[in-house]
Amino acid sequence: MSRVGSKEIIIPDNVKVSVIDGSIYAEGPLGKLETKLHDAILTNLNENKISFSVKKESKQALALWGLQRNLVNNLVIGVSTGFTKKLEMNGVGYRASLKGNDIELLLGYSHPILYSIPEGIKVSVDKQNNIEISGASKQLVGQVASEIRSFRGPEPYKGKGVKYADEHINRKEGKKK
């Protein structure tokens, strides 16, 4: 049995949730999101609670039960409070700046990198080295943070590169004589 799937989702007062044609929609102060519901999972929407159950108990249905509950929970949290990821840039001359709807990254290459910010994502740069990415969709916030980090990932010797703020880089010792 799924421990996650059996928990109910409590809907905040400022969020409106509806189930239409196999999709669930959540609308709140930060926008509107939707996700498709799997056929093997039953969704029960009460006044301010959503619960999930399995139609027919099978290995795949039990695996999808907790997943479906977490996807819907991420929708509800996303439209009410949102999600945030923070990145740090370490290295001489490593900087970031906003240029309209793009973020310009100077990461030690011979050219600056321009990254176009997707719709629904807000990016702020603090002190040219800290980047904060926020939005309603947890998947999109994580995707943008991952793509920016992939331009110059942290290296283990000096710790230079772009890393998550809560990420720990195991440092290696240099050459010994």
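The values are calculated or read from the model by the stated rules, or taken from the named source; none is laboratory data. Since the structure is predicted, the reported quantities are computational estimates derived from the model, not experimental observations. Cβ coordinates were reconstructed from backbone atoms using ideal geometry, including for glycine residues, and neighbour counts include every protein chain displayed. Calculation scope for accessible area: heavy atoms of the full protein, side chains included, ligands and nucleic acids excluded. Shrake-Rupley method; radii C 1.70, N 1.55, O 1.52, S 1.80 Å.
Among the residues that make up the stretch 54-74, is at least one of them assigned to a strand (DSSP E or B) and open to solvent by 50 Å² or more (accessible area, probe 1.4 Å)? No, because not a single residue in the stretch 54-74 is assigned to a strand (DSSP E or B) and open to solvent by 50 Å² or more (accessible area, probe 1.4 Å).
Scanning the stretch 22-48 for residues that are within 17 Å of Gln60 (Cα to Cα) and out of contact with any Lys or Arg (no Cβ under 9 Å at 6 or more places or on another chain), which turns out most open to solvent (accessible area, probe 1.4 Å)? This residue is Lys36.
Being of a type in the set (Gly, Ala, Ser) and either open to solvent by 60 Å² or more (accessible area, probe 1.4 Å) or in contact with a Ser or Thr (Cβ under 7 Å, 6 or more places away or on another chain) (or both) is the filter here; which residues of the stretch 1-21 pass it? Across the stretch 1-21, the qualifying residue is only Ser6.
In the stretch 140-157, the qualifying residues are those that are loosely packed, with under 15 Cβ neighbours inside 10 Å and touching a residue at least 40 places away in the same chain (Cβ under 8 Å), and the one that is farthest from Val15 (Cα to Cα) is Phe151. Taken together, the residues in the stretch 121-135 that are farther than 11 Å from Val162 by Cβ and surrounded by 15 or more Cβ atoms within 10 Å (Cβ to Cβ) amount to 7. Screening Ile50 with (1) modelled with pLDDT of 95 or more; (2) under 18 Å from Ile24 (Cβ atoms) gives one miss only, at (1).
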